[in-house]
Amino acid sequence: MDFDKVLEFFRALNDQRVGYVVFGAVALAAHGIVRATMDIDLFVDSTPDNVARLRRALQAVWDDPEIEQITAEDLGGDYPAIQYGPPGEEFTIDLLSRLGEAFRYHELESELVMLGEVPICVVTPRMLYEMKRDTVRLKDRADAEALKARFGFED
């Protein structure tokens, strides 16, 4: 993953005042637990204004007409997840407004953390632990164990 491009993307999100919260491996890294990843996982506010700002942020980094296909209707619908693959990049951006009935953008505990010199909004370590500990994916369970060990969480 091109770290400079990732920083450019987060700068653009901040410049456009996009309502977002990072989760997944990038959030793990922001909390000091490094794991290889090929995507950026974001919860986003699915309101039309926020999704318009999200599109502007993406367009500030990538010249791609496909960005216009990202809609508030999709992010607010029955399957509120979009995977965007920026042209020329070796990573994808997963956009969600909720994860099943378990987690919703507006209910996430988050905090600002510096990624290089760029502030990013990430789920708290406790929230990330809650998101990962009961999943069926072995990778998520390993992440939960790493969070538990680093932050001393108890079930």
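Remarks
- Taking (1) without any contact (Cβ under 8 Å) to a residue 40 or more places away in the chain; (2) surrounded by fewer than 20 Cβ atoms within 10 Å (Cβ to Cβ) in turn, LEU75 satisfies each apart from (2).
- Unique residue being within 19 Å of GLN16 (Cβ to Cβ) and not acidic (Asp, Glu) when the list is ARG126, ARG141, ARG56: ARG56
- Test for GLU154: is it in a helix (DSSP H, G or I) and either among the aromatic types (Phe, Trp, Tyr) or more than 14 Å from the chain's Cα centre (by Cα) (or both): no
- Residues of the range 32-72 that are in contact (Cβ under 8 Å) with a residue 60 or more places away in the chain and closer than 14 Å to ILE93 by Cα: PHE43, VAL44.
- Here VAL6 fits the description: surrounded by fewer than 21 Cβ atoms within 10 Å (Cβ to Cβ), out of contact with any Asp or Glu (no Cβ under 6 Å at 6 or more places or on another chain), assigned to a helix (DSSP H, G or I) and at pLDDT below 95.
- Candidates GLU111, GLU101 - the one that is at pLDDT below 95, within 29 Å of LEU147 (Cα to Cα) and among the acidic types (Asp, Glu): GLU101
- ALA29 being over 17 Å from GLN83 (Cα atoms), surrounded by fewer than 16 Cβ atoms within 10 Å (Cβ to Cβ) and either under 15 Å from the mean Cα position of the chain (by Cα) or at pLDDT below 95 (or both): no
- Number of the condition not met by VAL136 [criteria: (1) in a helix (DSSP H, G or I); (2) at pLDDT below 95]: (1)
Matching residues to (1) crowded, with 19+ Cβ neighbours inside 10 Å; (2) touching a helix residue (DSSP H, G or I) at 6+ places or on another chain (Cβ under 6 Å); (3) of a type in the set (Ser, Thr, Tyr):
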{"residue": "ARG53", "(1), (2), (3)": "yes, no, no"}
{"residue": "GLN59", "(1), (2), (3)": "no, yes, no"}
{"residue": "ASP63", "(1), (2), (3)": "no, no, no"}
{"residue": "GLN69", "(1), (2), (3)": "no, no, no"}
{"residue": "PHE91", "(1), (2), (3)": "no, no, no"}
{"residue": "LEU96", "(1), (2), (3)": "yes, no, no"}
{"residue": "LEU99", "(1), (2), (3)": "no, no, no"}
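- Pair list, Cβ < 7 Å and 6+ apart or interchain, from the range 117-146 residues that are farther than 18 Å from ILE40 by Cβ and among the small types (Gly, Ala, Ser) to residues that are buried (at least 18 other Cβ atoms within 10 Å of the Cβ) and at pLDDT 90 or above: ALA144/TYR129; ALA144/LYS132
The values are calculated or read from the model by the stated rules, or taken from the named source; none is laboratory data. Computed from a predicted model, the values in this text were never measured in an experiment. Because the Cβ atoms are built from the backbone with ideal geometry, glycine has one as well, and the counts that use them run over all protein chains shown.
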